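Taken together, the values in this text are just the output of simple stated rules run on the coordinates, not laboratory data. Worth saying up front: this structure is predicted, and the values here are computed from it rather than measured. Ideal geometry is used to build each Cβ from the backbone, glycine not excepted, and the neighbour counts take in all protein chains shown.
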Amino acid sequence: MNNIKKFFSGIAIGIVNVTLGAGGGMLTVPLYKKCGFDQKSAQINAVATILPITVISFIIYLLGGNVNLSETYSYIALGLPGAVLGTFVIKKTSNKLLKSAFAVFMIWAGVRMIMK
């Protein structure tokens, strides 16, 4: 992928991640796959890509008074062990299963958004 495409892809990932609440991974995974990554590597690198984007947007939202910290603590407290568990699960999961799970999740999320 050339630098111009990477530039606009990065801008799109940032916008989608911030406006959809970490939805940047839905763009990032297919982009990494287009660059030749297998499914597992694409998903792992997508997390590494969206982490700093998410941290920056969190800080901006926090400083703007838009974050309800008391509500987020429980999700963070349970999400952290889930993240650790997920790193072990992804290592043992085949690329084919990860690809299918990613696709099913994207479809489920899309249908759910349309229905609500």
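Sequentially through region 99-116, phi angles give Karplus couplings (6.51, -1.76, 1.60; θ = phi - 60°) of 4, 5, 4, 4, 5, 4, 5, 4, 5, 4, 4, x, 5, 4, 5, 5, 6, 9 Hz, Gly and Pro residues having no value and appearing as x. Would you mind classifying region 39-79 by shape? Square roots of the alpha carbon gyration tensor eigenvalues, ordered a ≥ b ≥ c; an a/c under 1.5 is rounded, otherwise it is prolate if a/b is larger than b/c and oblate if not. It is oblate, given that a/c is not under 1.5 and a/b is not larger than b/c. Across the chain, the mean sequence separation of Cα contacts (distance under 8 Å, 6 or more residues apart), normalised by length, yields a relative contact order of 22 percent. Length gained on full extension, Leu78 to Tyr61, computed as 0.36 nm times the residue gap minus the Cα-Cα distance: 4.0 nm.
The lysine pair tally for the chain, using Cα distances under 19 Å and a gap of 8 or more places or different chains, is 14.
The ranking of Lys34, Lys99, Lys116 by Cβ neighbour count inside 10 Å, starting from the fewest, reads Lys116, Lys34, Lys99. Here the chain is assigned +1 on the Cβ of each Lys and Arg and -1 on the Cβ of each Asp and Glu. Its dipole about the Cα centre then comes out at about 500 debye. Once you order the gyration tensor axes a ≥ b ≥ c over the Cα atoms, which shape class does the chain get: rounded for a/c under 1.5, otherwise prolate or oblate by comparing a/b with b/c? Here the chain falls in the oblate category. Considering only Leu51, Pro81, Asn95, and ranking their Cα positions along the charge dipole of the chain that arises from unit charges at the beta-carbon of Lys, Arg, Asp and Glu, the one farthest toward the positive end is Asn95.
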